[in-house]
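The values are calculated or read from the model by the stated rules, or taken from the named source; none is laboratory data. None of the values given here were measured: they were computed from a predicted structure. Glycine also receives a Cβ, built like all others from the backbone with ideal geometry; neighbour counts cover every protein chain displayed. We work out accessible area using only protein heavy atoms, side chains counted, and drop any ligands, DNA or RNA first. Shrake-Rupley method; radii C 1.70, N 1.55, O 1.52, S 1.80 Å.
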Amino acid sequence: MRRSRILTLLASAPLLVSAECPDYLNYASDVHEPLSSGKYHLSSMRPSEDCRTFKSQGIEDLITRMESVIKDPDLYRLFSNAYPNSLDTAVKWKGFAANNSEEELTFLITGDINAMWLRDSANQMQSYLPVLNASTDPNSIASLYRGVINLQARYLLTSPYCNSFQPPPESGVPVAENPSASQDNVFPKYNNDSVFECKYELDSLAAFLEVSANYYNATGDAAFFGKFQWVSAVEAVLKVAEDMMTPTYGSDGEVLESPFTFTRYTSRSTETLANDGLGNPVANGTGLIRSAFRPSDDSTIFQLFIPANMMFSSYLSSTSEIMNKLNTSNSGALAQKMSSLSKSLHDAVEKYGIVDHPTHGEIYAFEVDGFGSTTIMDDANIPSLLSAPFLGYPVNDEVYSNTRELVLSATDPYFMRGPVISAIGGPHQGPGMAWPMASIVRILTSDDDDEIVGELRQILASTDGLGLIHESVNSFNASKWTRQWFSWANGLFGQMILDLEQRKPDLLQTSFQ
């Protein structure tokens, strides 16, 4: 779905706050005083306290503390606006399952669209890892995490090929219309009452494992994963992964039935799959898992999408440890299966995902098909090639270094260059539109002080005075941008600043005035 084009068509369901609270989609479009005291005069973008959708004293204390850590007043304002954005604006509903009063549920919207993406919600929660600790308090970050994991598990058990979902019936939040999907023809079929959009993306499955691993690693709460539907959801994830290793042709040349097909009535090639929903042909025997769509929600050209296979391998490994601690009848066998698949995917990425580039040498390809065709580029959305170390994937250092050099240069067809911001973009918003998210990932994966400061300077200069992280910004015109309310990117910015506090605290003393 091309999100920015449908925003005006989506009615905003009321948040669980006062009826007098403004719609944040409108609020985030305007400048609010007091402005920051630096040269950029950034707007104050947090809603009033009584209009925030979830309150965490730990987050408030952290934001207060960081004022003495971040020297530049504009950088601090951007941090204090962006970091709490998901909590302030995107917790659409939090409650309990109708059939189990102990099963917490959290419906966490992506921001300007009233739907919950598996990928976005996992990454929105990841931003708050610094304040996540074990807690049974229903008003804690831990409870919020458990609610996201439980609701994602429910979604995966009903529609494991889908990427974006409607509010649970318990919430009373109205179902959102997706006009872009009104003529989709998808197999397997799904229910519009529970699914907002059904694009099969391998990284969405990996996101469920990611948010699970993050919660467990921070809290040590293994018992939670044996209480509700987590084990069954993991089984559903593994079933999709195994099925999506199906190649296009059988050994005798017969076209095999694909477990997933998708066509959309659209004028954009990135919104549908070739060959009447099959996608371009995929060879047998690579050991890689197909992905019909990228984390940008754009269709893959070649379905063996390397960044998602990297991510899936990484989080299979970490969640196999959780599974191994459970005492269900099949947890031991599932843990072994997860661990084995993690290793085989890593081996497959290193064997089939590395190609020889005439200028940069051995690099990771963005996509391959197993027949020898490759896509050489990167996309701003995570997982990306640039983000591989951030995702915990054990990269080949030399190959990653060569890849990084390529994707951050004009050799990458989607590396946008300009006086405002130079960063990776992608076909989702097209040529000329650089994504600050890619600049953030560049910082998270860099140890070079000059590179980090340079990226911070560009991000700070590209908010058009609104003091939020946009989805994309025209590399030659800071006033031409998309999405003023993109909670994942906002949280990721805050997460990056907190990472710098640990790794490079002196850089946060830099003045950008």
With the requirement that a residue be in a loop (DSSP other than H, G, I, E, B), open to solvent by less than 30 Å² (accessible area, probe 1.4 Å) and over 14 Å from Thr411 (Cβ atoms), what does the range 347-385 give you? Gly353, Asp369, Asp379, Ala380, Asn381, Ile382, Pro383, Ser384
Among the residues of the range 166-186, what is the count of those that are touching an Asp or Glu at 6+ places or on another chain (Cβ under 9 Å) and either open to solvent by less than 10 Å² (accessible area, probe 1.4 Å) or not polar (S, T, N, Q) (or both)? 5
Can you tell me which residue within the range 400-426, out of those that are of a type in the set (Val, Ile, Thr) and open to solvent by less than 20 Å² (accessible area, probe 1.4 Å), is nearest to Ala489 (Cα to Cα)? Ile424
Selection within the range 394-434 - among the basic types (Lys, Arg) and closer than 21 Å to Pro358 by Cβ: Arg404
Reported set for the range 355-387 where residues are charged (D, E, K, R) and either within 19 Å of Phe293 (Cβ to Cβ) or touching a helix residue (DSSP H, G or I) at 6+ places or on another chain (Cβ under 6 Å) (or both) is Glu362, Glu367, Asp369, Asp378, Asp379
Matching entry among Val255, Val282, Val237 (being closer than 16 Å to Leu156 by Cβ and either modelled with pLDDT of 95 or more or among the aliphatic types (A, V, I, L, M) (or both)): Val237
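Working only within the range 464-501, note down all residues that are of a type in the set (S, T, N, Q), more than 19 Å from Asp88 (Cα to Cα) and surrounded by 24 or more Cβ atoms within 10 Å (Cβ to Cβ).
Taking the range 464-501 as the starting set, the residues that turn out to be of a type in the set (S, T, N, Q) are 472, 474-475, 477, 479, 482, 484, 487, 490, 495.
Among the residues that remain, those that are also more than 19 Å from Asp88 (Cα to Cα) are: 472, 474-475, 477, 479, 482.
Matches in the range 464-501: Ser472 only.
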Hits in the range 427-454 (condition: acidic (Asp, Glu) and open to solvent by less than 10 Å² (accessible area, probe 1.4 Å)): none
Only residues that are out of contact with any Leu (no Cβ under 8 Å at 6 or more places or on another chain), in contact (Cβ under 8 Å) with a residue 60 or more places away in the chain, over 17 Å from Ile459 (Cβ atoms) and open to solvent by 20 Å² or more (accessible area, probe 1.4 Å): list them for the range 31-86, please. Gly58
Sort out which residues of the range 192-232 are within 19 Å of Pro168 (Cα to Cα) and over 19 Å from the mean Cα position of the chain (by Cα), and write them in order of number. Asn192, Asp193, Ser194, Phe228, Gln229, Trp230, Ser232
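Look at Asp397 and say whether it is over 21 Å from the mean Cα position of the chain (by Cα) and buried (at least 19 other Cβ atoms within 10 Å of the Cβ).
Values: over 21 Å from the mean Cα position of the chain (by Cα): yes; buried (at least 19 other Cβ atoms within 10 Å of the Cβ): no.
No.
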Tell me whether the range 163-174 contains one or more residues that are at pLDDT 95 or above, under 24 Å from Gln495 (Cα atoms) and of a type in the set (Phe, Trp, Tyr). no
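Would you point out the residue of the range 117-143, among those that are out of contact with any helix residue (DSSP H, G or I) (no Cβ under 7 Å at 6 or more places or on another chain) and open to solvent by less than 10 Å² (accessible area, probe 1.4 Å), that is farthest from Leu202 (Cα to Cα)?
Only one residue fits best here, namely Ser143.
Which members of the range 301-328 meet the condition of being open to solvent by 10 Å² or more (accessible area, probe 1.4 Å), modelled with pLDDT of 95 or more and over 16 Å from Leu238 (Cα atoms)? Can you show your working first?
First, pick out the residues of the range 301-328 that are open to solvent by 10 Å² or more (accessible area, probe 1.4 Å): 301-302, 314-315, 317-318, 320-321, 324-328.
Adding the requirement that they be modelled with pLDDT of 95 or more leaves 301-302, 314-315, 317-318, 320-321, 324-326.
Once the filter is applied, which keeps residues that are open to solvent by 10 Å² or more (accessible area, probe 1.4 Å), modelled with pLDDT of 95 or more and over 16 Å from Leu238 (Cα atoms), the range 301-328 yields Ile301, Phe302, Lys325, Leu326.
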Quick one: in the range 99-116, which of the residues that are of a type in the set (D, E, K, R) and outside any loop (DSSP other than H, G, I, E, B) is surrounded by the most Cβ atoms within 10 Å (Cβ to Cβ)? Glu104
Does the range 499-513 hold any residues that are closer than 13 Å to Val453 by Cβ and over 26 Å from the mean Cα position of the chain (by Cα), and which are they? Asp506, Leu507, Gln509, Thr510, Ser511, Phe512
The lone condition Phe390 fails out of (1) part of a helix (DSSP H, G or I); (2) touching a helix residue (DSSP H, G or I) at 6+ places or on another chain (Cβ under 7 Å); (3) closer than 17 Å to Val211 by Cα; (4) open to solvent by 50 Å² or more (accessible area, probe 1.4 Å) is (1)
Show the residue pairs that are 6+ apart or on different chains and have beta-carbon atoms under 8 Å apart, the first residue being within the range 381-409 and closer than 19 Å to Glu367 by Cβ and hydroxyl-bearing (Ser, Thr, Tyr), the second being open to solvent by 30 Å² or more (accessible area, probe 1.4 Å) and not in a loop (DSSP other than H, G, I, E, B). Tyr393/His346
How about the range 428-483: which of its residues are free of Cβ contacts under 8 Å to residues at least 12 places away in the same chain and polar (S, T, N, Q)? Ser446
